[in-house]
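The values are calculated or read from the model by the stated rules, or taken from the named source; none is laboratory data. The shown structure was predicted, so the numbers you read here are calculated from the model rather than taken from an experiment. Here the Cβ is made from the backbone with ideal geometry for all residues, glycine too, and neighbour counts use every protein chain on show.
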Amino acid sequence: MPPGQLNMRGWQKLMAELPDPAITSAIIGIYKYGARISYEGPTQPKTIHPNLSSATLDAMLVSSDIEKALKKNHLHVFHNFDSLPPHYIASPLGLTYKADGSKRRIHHLSYIAPGLTSINSRIPEEYGTITYSSIKDAIKAVQMFGKKTSFWSNATLSQPSITSQFPLSTPLS
């Protein structure tokens with residue numbers, strides 16, 4: 001299975017024994033229908049920001065990455081400006097270095113154009129905080145549940161990159 005692709009039936013089977021069915025329902029719902037990501041604040045006109053210079057300097061890499069995402073149906077194509085949703089904002093694309101020295105494509109959601117606000121600046125902190133479990137918490141969970149359910153009988157611990165495991169596959173609005 002290529003990175004970032006979920007087998008919905010497999011996930012439903014694996015999550016069947018989780019204690020909170022709402023978690024299973026939420027994950028499957030996001031997989032099937034996507035998640036709407038928005039911000040609070042004034043509406044802005046449809047805006048398409050120019051790409052960052054890093055994207056321009058390695059346009060072939062950006063184009064190749066976009067082609068791969070399109071083949072996986074991770075992007076939605078709008079064929080003209082008029083077909084964009086109201087108040088649509090296309091953040092500039094850029095490239096940033098990964099730890100191994102290779103580059104990855106980014107959508108610069110903190111980009112601030114003159115007279116406008118960034119996408120990230122309008123997300124209240126309490127909506128945008130992500131807290132990861134510690135390794136101690138993970139070990140404790142495996143110790144506590146490890147032999148009690150068949151779900152955890154083949155448990156493994158890993159630290160995947162969330163973006164490679166769950167790339168956005170729906171338009172953001």
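Assorted remarks:
- Residue pairs meeting the criteria (Cβ under 7 Å; at least 6 apart or on separate chains; first in contact (Cβ under 8 Å) with a residue 24 or more places away in the chain and assigned by TED's automatic domain parsing to the domain that holds D58, in region 76-103; second part of a loop (DSSP other than H, G, I, E, B) and loosely packed, with under 10 Cβ neighbours inside 10 Å): H87/T43
- When K71 is tested against (1) surrounded by 11 or more Cβ atoms within 10 Å (Cβ to Cβ); (2) under 30 Å from M8 (Cα atoms); (3) free of Cβ contacts under 8 Å to residues at least 60 places away in the same chain, exactly one condition is not met: (1).
- Positions within region 59-108 being in a helix (DSSP H, G or I) and touching a helix residue (DSSP H, G or I) at 6+ places or on another chain (Cβ under 7 Å), in sequence order: V62
- Filter pass, P2 being farther than 20 Å from Y111 by Cα, at pLDDT below 85, in a loop (DSSP other than H, G, I, E, B) and not β-branched (V, I, T): yes
- Residues of region 93-103 include at least one that is touching a strand residue (DSSP E or B) at 6+ places or on another chain (Cβ under 9 Å), among the hydroxyl-bearing types (S, T, Y), over 19 Å from P45 (Cα atoms) and at pLDDT 85 or above.
The rows are residues; the columns are (1) basic (K, R); (2) out of contact with any Gly (no Cβ under 9 Å at 6 or more places or on another chain); (3) surrounded by 14 or more Cβ atoms within 10 Å (Cβ to Cβ).
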residue: S102; (1), (2), (3): no, yes, no
residue: I106; (1), (2), (3): no, no, yes
residue: T117; (1), (2), (3): no, no, yes
residue: E125; (1), (2), (3): no, yes, no
residue: A138; (1), (2), (3): no, yes, yes
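- Residue ID - surrounded by the most Cβ atoms within 10 Å (Cβ to Cβ), chosen from residues in region 36-61 that are in contact with a Leu (Cβ under 6 Å, 6 or more places away or on another chain) and closer than 15 Å to H107 by Cβ: A55
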